[in-house]
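Notes to accompany the following structure.
The values are calculated or read from the model by the stated rules, or taken from the named source; none is laboratory data. These figures come from a predicted structure and were not determined experimentally. FYI the Cβ positions are ideal-geometry reconstructions off the backbone, even for glycines, and counts take in every protein chain you see. When the accessible area is computed, the model is the full protein with side chains, heavy atoms only, and any ligands, DNA or RNA have been set aside. Shrake-Rupley method; radii C 1.70, N 1.55, O 1.52, S 1.80 Å.
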Amino acid sequence: MSGDWTLSSFGRKTALCVMAAEPEYGRALRSRIRPLITGVGPVEAAVGVAHALALLQAENGLPDLIISLGSAGSRTLEHARVYRVSSVSYRDMDASALGFPKGETPWPRIPAVLPLAEGPPGLPNARLATGASVVSGPAYDAVDADMVDMETFAVVRAAARFGVPVIGLRGVSDGRSDLSALEHWTDALADVDQALAAALDLLHDHFTLVLTEPA
């Protein structure tokens, strides 16, 4: 986990921005935020976010929200466009052999699908599924969601332990064709970086407007 991160301001809101990997953190985002970079996958994301929030709680106080952002795969959504995550599921969780619905965590009882906080108007919404595997080709057939990633469900669960809401922003980097090389993901990241930066600008404008409007 990188220690070179700071909270960001969006209007009067403070936010911990969270990303998985350095390749996603491009020039446009670098001019706007210094995110917590957790590492790839749900375990690294949960550990990183929980640790950061514990430090903040003990030292300076918790942020108003977490912004989980980065790339995602989808074979149906528009390539390089950013979507606000309306809900997230944990596609690896399956205790159905014990009589629990697939996707539901049995102990503690956690629903299969969790809602996320509202994001800026103007961004399209999409359902996200988190898991510990890279999804490609026919593997999408088993996913009941519009797009896939490897961190957001874990970020939401870690944040919930501290009572911090999460906004999810994901830019589609792959999914139109099978992944067979790293560059099939990285080639799209420059465009995703620009789109995510524009989405953060919308978020800043949204919270600035909301907090300055008369009651």
Any idea what diffusion coefficient segment 116-189 gets from Stokes-Einstein, in µm²/s, Kirkwood Rh on alpha carbon pairs, 4 °C, 1.567 mPa s?
93
Accessible surface of Asp174 in the full protein assembly, 1.4 angstrom probe, to the nearest 10 Å²?
20
Expressed as cubic angstrom per residue, what is the convex hull volume of the alpha carbon set of segment 82-215?
129
Who wins for biggest fluctuation among Arg109, Arg91, Arg27 in a Gaussian network model of the chain, springs between alpha carbons below 10 Å?
Arg109
Computed over the chain: relative contact order in percent, which uses C-alpha pairs under 8 Å that are six or more apart
29
In segment 1-66, with Lys and Arg counted as +1 and Asp and Glu as -1 at Cβ, which of these residues, Val18, Val43, Ala54, has the Cα nearest the positive end of the dipole, that is, farthest along it?
Val18
Taking only Cα atoms of segment 1-87, the Rg to Rh ratio with Kirkwood Rh works out at 0.97
Ordering His51, His206 from largest to smallest accessible area (1.4 angstrom probe), what's the sequence?
His51, His206
DSSP-assigned coil residues among GluC sites (Glu not before Pro) in segment 77-157, each with at most 15 further Cβ atoms within 10 Å
Glu78, Glu118
Evaluate the charge dipole of the chain about its Cα centre and quote only its size in Debye, nearest 20, assuming +1 on the Cβ of each Lys and Arg and -1 on the Cβ of each Asp and Glu.
480
